[in-house]
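Each remark here refers to the structure printed beneath this line.
The values are calculated or read from the model by the stated rules, or taken from the named source; none is laboratory data. Source: prediction; values computed, not measured. Note: ideal-geometry Cβ built from the backbone for every residue, glycine included; neighbour counts use all protein chains shown. With ligands, DNA and RNA removed, areas are computed over all heavy atoms of the protein, side chains included. Shrake-Rupley method; radii C 1.70, N 1.55, O 1.52, S 1.80 Å.
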Amino acid sequence: MSKERTYGFETRMIHAGAQPEPLTGARQTPIFQNTSYAFHDADHAASLFNLQTFGFIYSRLTNPTVAVLEERLASLESGRGSTCTASGHAAQLLTFFAFMEPGDHFIASTRLYGGSITQFGKTFRKFDWNVTFVDVDEPEAVRRALTPRTKAIFVESLANPGGVISDMEALAAVGREAGIPLIVDNTLASPWLCRPIEWGADLVLHSTTKFLSGNGTAMGGAVIDSGRFDWTAAGERFRGLSEPEPAYHGLAFHETFGDLAFTTHAHAVGLRDLGATMAPLHAFLTLLGTETLALRMQRHCENAMKVARFLAAHEEVAWVSYAGLPESPYHALAQKYLPRGAGSVFTFGLKGGYAAGVRLVEKVNLFSHLANVGDSRSLILHPASTTHRQLSAEQREAAGAGDDVVRLSIGLETAEDLIDDLQMALERTAVALRQGAS
Amino acid sequence: MQKMNHDSYPNAYILDILKSVQVIAMVGASAKWNRPSYFAMKYLQEKGYRVIPVNPGQAGKEILGERAYASLAEIPVPFQMVDIFRASEAAGGIVDEAIALKDEKQIQVVWMQLGVRDDAAAERAEAAGLKVVMNRCPKIEFGRLNAELAWGGFDTRVITARRRQVRLT
Ligand SMILES: Cc1ncc(COP(=O)(O)O)c(C=O)c1O
């Protein structure tokens, strides 16, 4: 007998998880807008509560529409299973909650979305979860930061605000040596451009709010488990997954569920107790987004490349940090990890510094000035005065969000219109600065 | 008998087994409700299979309403499948027992649980005309091929635009 066919990415973008609804034949995934599910009988209810059978109990834990998105994301990311959450930040909380305990430690890249730096550095400390931010371009520095309580390494594949790519294969090796998982936030790349699990990542995170939903309509997050990490090998180190769980009468998740353990735990304990569940409507909107992911990412990347080239040649622009440009120090990593394109979120520096940044975002006409990325519309932001303003000057610099930095998220519009809009805004900013100076 | 690739079974091969089998002898079935074998036994019972536990420590006692036996040979009724819930080192001996009892008990399939694999034993079983599945769980496979596994957020690897038949009673 031959092997089972493996379908292509674009086929799975549309079909993974979604068969016609069996009772009615409804072809598009229905929005199961409901909280709870009838049991067949008392024994069925008991089996469900004991996790002995598959099925729905209450939508805080699982919901049929959300489950379709979960299967689709697991498929697209080459994972075993996935858990969707109310936002990307909720996915981060849920993920660390599975194995962090007070006094534990993890290592995170200095180059992360500013909100993640704040969540890890400030809010997680309230749980006594302690982070060390490290320049992950140097795997040796990551090795040096390991402590006996270190439980994970966290990086972004393609880092927000832009242009930086993490060497996932090297970092996965560091994680394997230390017996800890590599967690990769793949939000800015999307699985069409990069699949971290294929490079050794153990868990992949998404803010589905961004490219996966794609239209700026629905908050959401996801954690995709590779199913490969051995939670039991390290003794009691990951005891949430390896040791008997009192709330389930002494069931040990990893022993009982094998490679399904993390995802089962994330629903049955994580979502049950943290409650950061994705709404069915948001799952539906995100499913619509995934159906066109490849087409959109291709255009996002083409447009980003054109705009980056234009900016790199512009006299008011000091530098452009886009890994798609051959002069980028991350170009080689981009060709290795994101050969189809370096994404559409990147930064550039204005010769006019902070003053030019805050003006430029007001002079554009087509770019929306707002704090988001991964929309069909082109977006512009001055991180130092917005998303990264909670950080210290040194942290901002380390995160690639210094005073002169402008972040773009290039959308799906006509590329020439975007270039002309930036040209106009750069000219007017230069004029305004000259007038202000005189 | 064509040689089976035991790293990647076609869905049709597994489905065929799950559809043709009615009685399963589960070697290593536990009486403790929070053990993986108990989970699998209960689930398979719910799906309409008769599961007969084989466990010397429980022989003569009941697990989930079924009398347990000390060995495959002692089971007094025919069973089409042997599900091995034991370590890989113990699998070979159980497979040989199944081969010896094949005609008497009408055994067609030897199934080794998730994490259990013995390629030499599998070859012996296949040579004797038995179908073999290794390193899989029949509960997970049943759930996977009937869309139930997807409810937990897992990739079933089933891609189809066909409408599933639901039997209404
Ligand atoms: C790379 C990255 N990770 C995580 C997040 C957080 O996601 P959310 O806003 O959905 O909570 C964001 C949001 O901007 C992001 O860009």
Could you work out how far apart the two model spin labels at residue A:392 and residue A:249 are, taking each label as a point 7 Å from the Cα in the direction of the beta carbon, and quote it in nm? 5.3
Chains A and B: accessible area buried, summed over both chains, 1.4 Å probe, nearest 100 Å², reads 3800
For a label point 7 angstrom out from the Cα of residue A:306 toward its Cβ, which stretches of the range A:378-395 have the backbone nitrogen within less than 19 Å? A:378-380
Any residue on another chain or 5+ positions along whose placed amide H is under 5 Å from the amide H of residue B:52 is listed here as B:24, B:25, B:26
For every helix of n ≥ 4 consecutive DSSP H residues, a contribution of -39,500 (n - 2.57) applies; sum these over chain A, divide by its total residues, and give [θ] at 222 nm rounded to the nearest 500 deg cm²/dmol. -10500 deg cm²/dmol
Ignoring the sites themselves, what is the longest stretch of chain A with no GluC sites (Glu not before Pro) in a DSSP loop and at most 15 other beta-carbon atoms within 10 Å? A:1-235
Give the separation of the Cα centroids, the range A:1-43 to the range A:138-166, in Å. 36
Non-local amide H neighbours of residue B:112 (under 5 Å, H modeled in plane, Pro and chain starts lacking H): which ones? B:84, B:133, B:134, B:135, B:136
Quick one: in the range A:294-437, what % of C-alpha pairs are over 21 Å apart? 40
Give me the inter-chain shielding for B:157-165: mean count of other chain Cβ atoms within 10 Å, whole number please. 6
Candidates A:368, A:321, A:409; GNM for chain A (alpha-carbon contacts under 10 Å) flags as most fluctuating A:368
Specify, per residue and in Å³, the volume enclosed by the convex hull of the alpha carbon atoms belonging to the range A:228-367. 219
Residue A:108's amide H: which non-local residues (gap 5+, or another chain) put their own amide H closer than 5 Å, with H modeled 1.01 Å from N in plane and none for Pro or chain starts? A:132, A:133, A:134, A:154
Residue-span extension gain [residue A:45 to residue A:138] - 0.36 nm each, minus C-alpha spacing: 28.3 nm
In degrees from 0 to 90, rounded to the nearest 10, what is the angle of the helix A:415-437 Cα long axis to the longest principal axis of chain A? 60
Computed over chain A, the relative contact order (Cα-Cα under 8 Å, seq sep at least six) in percent reads 17
Tell me the mean residue ellipticity at 222 nm calculated for chain B from its helices only (DSSP H runs of n ≥ 4, each -39500 (n - 2.57), averaged over every residue, nearest 500). -10000 deg cm²/dmol
From the P(r) of chain B, could you give the percentage of C-alpha pairs in the tail past 19 Å? 55
Any idea what the relative contact order of the range A:13-104 is, in percent, if you count C-alpha pairs under 8 Å spaced at least 6 apart? 25
Dividing the alpha-carbon radius of gyration of the range B:70-155 by 2.2 N^0.38 Å (N being the number of residues), what value is obtained? 1.16
Anything losing 50 Å² or more of accessible area from the isolated chain to the full protein assembly: pick those residues out of the range A:68-116, probe 1.4 Å, ligands and DNA/RNA ignored. A:71, A:80
With R₀ set to 41 angstrom, the calculated FRET efficiency between the beta-carbons of residue B:120 and residue A:36, to the nearest 0.05, is 0.25
Alpha carbon convex hull of the range A:9-290, projected area averaged over orientations, nm²: 14.3
Ignoring ligands, DNA and RNA, what accessible area per residue does the protein assembly as shown give at 1.4 Å, in Å²? 40
Given a 10 angstrom Cα cut-off, can you work out which residue in A:407, A:377, A:27 is the most mobile in a GNM of chain A? A:27
Roughly what angle does helix A:64-76 make with the longest principal axis of chain A, taking Cα atoms, 0 to 90 degrees, to the nearest 10? 70
Spelling out what I want: for every residue of the range A:28-36, take phi, set θ = phi - 60°, compute 6.51 cos²θ - 1.76 cosθ + 1.60 (Karplus), and round to whole Hz; glycine and proline get x. 6, 4, x, 8, 7, 8, 8, 9, 8
FRET efficiency (residue A:273, residue A:423; Cβ distance; R0 56 Å; to 0.05) is 0.60
Given a Förster distance of 60 angstrom, what is the FRET efficiency for residue B:164 paired with residue A:318, based on the Cβ-Cβ distance and rounded to 0.05? 0.55
Using the Karplus curve 6.51 cos²θ - 1.76 cosθ + 1.60 with θ = phi - 60°, what ³J(HN,Hα) values do you get for each residue of the range A:123-136, in whole Hz, with x for Gly and Pro? 5, 4, 4, 5, 8, 6, 9, 10, 10, 10, 8, 10, 6, 6
Can you give the relative contact order of chain B as a percent, counting alpha carbon pairs under 8 Å and 6+ residues apart? 18
Could you work out how far apart the two model spin labels at residue A:336 and residue B:70 are, taking each label as a point 7 Å from the Cα in the direction of the beta carbon, and quote it in nm? 6.1
Backbone N under 13 Å from the residue A:414 label point (7 Å along Cα→Cβ), restricted to the range A:356-398: none
Average silhouette area of the protein assembly as shown, convex hull of alpha-carbon atoms, in square nanometres: 28.8
What number do you get for the range A:94-145 when its Cα radius of gyration is normalised by 2.2 N^0.38 Å, N = residues? 1.13
